[in-house]
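Down below is the structure, laid out as structure tokens.
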Amino acid sequence: MYDPNTGAILWGVNTGADTGRGLSADIDPRTIGEEVWAGNGVGLRTVTGTLITNTLPSSTNFGIWWDGDLLRELLDHTYSSSSSTGVGKIDKWDYTASTTSNLLTATGTLSNNTTKGNPSLQADIFGDWREEAVWRKSDNSALRFYTTNYESNYRFYTLMHDPVYRLGVAWQNIAYNQPPHTSFYLGDGMSTPAQPSMYTP
Ligand SMILES: [Ca+2]
Ligand SMILES: [Ca+2]
């Protein structure tokens, strides 16, 4: 974990090996801020590095704001090594039981990049601050857009009005394939975000 102002390392876990994946998302309201996790013995940790549990969430892939609460859910796929394909899914971390439950399985779709399991796109496309997931149909004849059907008590300007998030959608979905993040803290215990500075030329 780095201090973005200085580049100084705040804390870390030396795994001694290539740790291919990590993710940062607020999935546990018991500690303010995003949790971080990775394999190779890193475990699930608070933003200040305190170990929460060695039981990792079901995936270390994309985080997605999907249901009505301010915590982030987990976008991944169910991979079949026999066909080398995966079916898109969204799970939710249960922080009290250290287990993950399934909220959506996008039957009839396929993820991209074999084991990496990337969606075709993930972004707040329709304007509700929750994010849509786009997967290709398994016969490659169309794209499917999935949007939340959970009600929410929270209302925010569309995340696409946040330049950092918007840029993240442009590059995170096509480059090393990680989820976009907002420039402000969107999670449990957050303060009201500033009104976006937007105009139409
Ligand atoms: Ca948290
Ligand atoms: Ca949520």
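Along the charge dipole of the chain, which of HIS77, ALA38, TYR154 sits closest to the positive end, that is, farthest toward it, with unit charges on the beta carbon of Lys, Arg, Asp and Glu (+1, +1, -1, -1)? The residue sitting farthest along the positive end of the dipole is HIS77. When shorter helices are ignored and each DSSP H run of at least 4 residues is given -39500 (n - 2.57), the per-residue value for the chain at 222 nm works out to -1500 deg cm²/dmol. For the range 83-201, the equivalent ellipsoid derived from the Cα gyration tensor has semi-axes of 26, 19, 14 Å, listed largest first. Taking the average, over residues, of other Cβ atoms within 10 Å as the packing measure, peptides 165-171, 7-13, 93-99 rank 165-171, 93-99, 7-13 from highest down. Peptide packing: for 119-125, 49-55, 16-22, the average count of neighbouring Cβ atoms within 10 Å per residue gives the ranking 119-125, 49-55, 16-22, highest mean first. Note: relative contact order over the chain, using C-alpha pairs below 8 Å and six or more positions apart, is 15 percent. Quick check: from the Cα gyration tensor, does the range 14-133 come out rounded (a/c under 1.5), prolate or oblate? It comes out oblate by the Cα gyration axes. If the chain linking SER138 and THR107 were pulled fully straight, counting 0.36 nm for each residue of separation and taking away their Cα-Cα distance, it would gain 10.3 nm. The separation of the range 33-60 from the range 141-184, counted between C-alpha centres, amounts to 23 Å.
Rg and Dmax of the chain, based on Cα coordinates, read 17.0, 52 Å. Placing +1 on each Lys and Arg Cβ and -1 on each Asp and Glu Cβ, with no other charges, gives the chain a dipole about its Cα centre of roughly 440 debye. Beyond 17 Å, how much of the Cα-Cα pair distribution for the range 1-56 remains, as a whole percent? The calculated P(r) of the range 1-56 puts 37 percent of pairs beyond 17 Å.
Volume of the convex hull of the range 29-88 (Cα atoms only), normalised per residue: 94 Å³.
On a per residue basis, the convex hull of the C-alpha atoms belonging to the range 139-186 measures out at 121 Å³. Between TYR176 and LYS116, the distance separating the two model label sites (each 7 Å from Cα on the Cα→Cβ line) works out to 1.1 nm.
Every number here is computed from the coordinates shown, using simple stated rules; none is lab data. Predicted model, so just to flag it, every value in this text is computed and none were measured. All Cβ positions, even for glycine, are placed from backbone atoms using ideal geometry, and neighbour counts span all protein chains on display.
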